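Step one of this worksheet: look at the structure below.
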Amino acid sequence: MNYSVLQSKLSMPQADSLLSRGALISRLNDYSQQPLTVITAPSGYGKTSLVVDWVNHFDCSYCWFSIDAKNNIASSFWLYVCAGLKRIDATVSEKAELFLENSYIEDFSTICDALLESLEKLARKWSRPQKIVMVFDDFHHIDDPKIIESFNRFLDYLPNWINVVITSRSLPDLKVPVRRSKLKASVLLTHDLAFDANQVDEFLKTKLSLTLDQNQLNSLFKKTEGWAAAIQLAGLAIKSNANVDALNLSLIHI
């Protein structure tokens, strides 16, 4: 195995919260009692910003993994998981990392089981965190069957004091419907993240110092469908003297 670990990919981004979403943060607090939380929506709906805001409000230890296409290799994926967990406890990934040194590893459930075993040992330490949140941001880059199979196993046997939070542009192949039916997973979808008309007004006033009348707000809400990135683009255009009714949808839906 010859992969480097970029420490910046293990650091929570300093994402500017589009708007503090109190109701969604409360839901994430509730969902944290389950092993898995999935937030799925197209780009620009504020998935990462929401999780950053929540983690900053939630008093717990966390690991952050910013995923890209280069992590869609099982060795790279699990190497980053080991590196992230090592930030919580220096010993938790030792056994798994020994297995990862084998360049010819085929069954990555070995890695998964080694980490689970170490987490079980960590649970017996008086100094271990009461709660750990593992955030996998942009999980849509992952479709390698070896990763999916081993990560599903990881989720199947995850200790109850660990919550995995995934952001993705599509629903990951992690048996989410089955997990939801067993109360082992919760999901936030596009319509959950979309801003309502009142939130559009609050966002424009708070972030852009822009006040619109009710008719303008209604028009903007219909055009953007509550999409955070589109609201910001449209608001900036309006501040540059664009007319709300004349805004081109092809401009907004970039």
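The values are calculated or read from the model by the stated rules, or taken from the named source; none is laboratory data. Given the structure is predicted, the values throughout are model-derived calculations rather than measurements. Glycine also receives a Cβ, built like all others from the backbone with ideal geometry; neighbour counts cover every protein chain displayed. Only protein heavy atoms, including side chains, enter the accessible area calculation; ligands, DNA and RNA are left aside. Shrake-Rupley method; radii C 1.70, N 1.55, O 1.52, S 1.80 Å.
Taking into account only those residues within the range 113-138 that are open to solvent by 70 Å² or more (accessible area, probe 1.4 Å) and polar (S, T, N, Q), which is nearest to residue 47 (Cα to Cα)? If we take residues in the range 113-138 being open to solvent by 70 Å² or more (accessible area, probe 1.4 Å) and polar (S, T, N, Q), then 130 is nearest to residue 47 (Cα to Cα). No other residue among 97, 120, 149, 106 is more than 19 Å from residue 35 (Cβ to Cβ) and either part of a helix (DSSP H, G or I) or in contact (Cβ under 8 Å) with a residue 60 or more places away in the chain (or both) apart from 97. Restricting the range 172-202 to residues that are more than 24 Å from residue 49 (Cβ to Cβ) and part of a helix (DSSP H, G or I) leaves a set whose member that is most open to solvent (accessible area, probe 1.4 Å) is 180.
Here the condition is being more than 30 Å from residue 157 (Cβ to Cβ), in contact with a helix residue (DSSP H, G or I) (Cβ under 7 Å, 6 or more places away or on another chain) and not in a helix (DSSP H, G or I); of 220, 233, 210, it holds for 210 alone. Count of the range 209-254 residues, restricted to those that are among the polar types (S, T, N, Q), modelled with pLDDT of 85 or more and over 20 Å from residue 44 (Cβ atoms), is 6. So, of the residues in the range 151-168 that are in contact with a strand residue (DSSP E or B) (Cβ under 7 Å, 6 or more places away or on another chain) and more than 20 Å from residue 74 (Cα to Cα), which turns out to be most open to solvent (accessible area, probe 1.4 Å)? Ranking the qualifying residues of the range 151-168, first place goes to 161. Restricting the range 152-171 to residues that are in a strand (DSSP E or B) and of a type in the set (A, V, I, L, M, F, W, C), the residue that is farthest from residue 67 (Cα to Cα) is 162. For the range 203-212, a residue qualifies if it is more than 24 Å from the chain's Cα centre (by Cα) and either open to solvent by less than 40 Å² (accessible area, probe 1.4 Å) or hydroxyl-bearing (Ser, Thr, Tyr) (or both), and the qualifying residues are 204, 206, 208, 209, 210, 211, 212. Considering (1) free of Cβ contacts under 8 Å to residues at least 40 places away in the same chain; (2) crowded, with 16+ Cβ neighbours inside 10 Å; (3) within 16 Å of the chain's Cα centre (by Cα), the lone condition that residue 29 does not fulfil carries the number (2). Count of the range 47-94 residues, restricted to those that are over 16 Å from the mean Cα position of the chain (by Cα) and in a helix (DSSP H, G or I), is 11. Scanning the range 36-61 for residues that are surrounded by 21 or more Cβ atoms within 10 Å (Cβ to Cβ) and not acidic (Asp, Glu) turns up 36, 37, 38, 39, 40, 41, 45, 46, 47, 50, 51, 54.
Kindly indicate whether residue 110 is open to solvent by 10 Å² or more (accessible area, probe 1.4 Å), modelled with pLDDT of 90 or more, β-branched (Val, Ile, Thr) and within 18 Å of the chain's Cα centre (by Cα). Judged against the criteria, residue 110 is not a match. Condition check: out of contact with any Leu (no Cβ under 7 Å at 6 or more places or on another chain), aromatic (Phe, Trp, Tyr) and modelled with pLDDT under 95. Does residue 136 satisfy that? Answer is no for this residue. Among what's in the range 62-91 and is in contact with a Cys (Cβ under 8 Å, 6 or more places away or on another chain) and more than 19 Å from residue 152 (Cα to Cα), pick the residue that is most open to solvent (accessible area, probe 1.4 Å). So the residue we want is 87.
Residues that are touching a residue at least 60 places away in the same chain (Cβ under 8 Å), under 27 Å from residue 226 (Cα atoms), of a type outside the set (Val, Ile, Thr) and crowded, with 18+ Cβ neighbours inside 10 Å do occur in the range 7-19.
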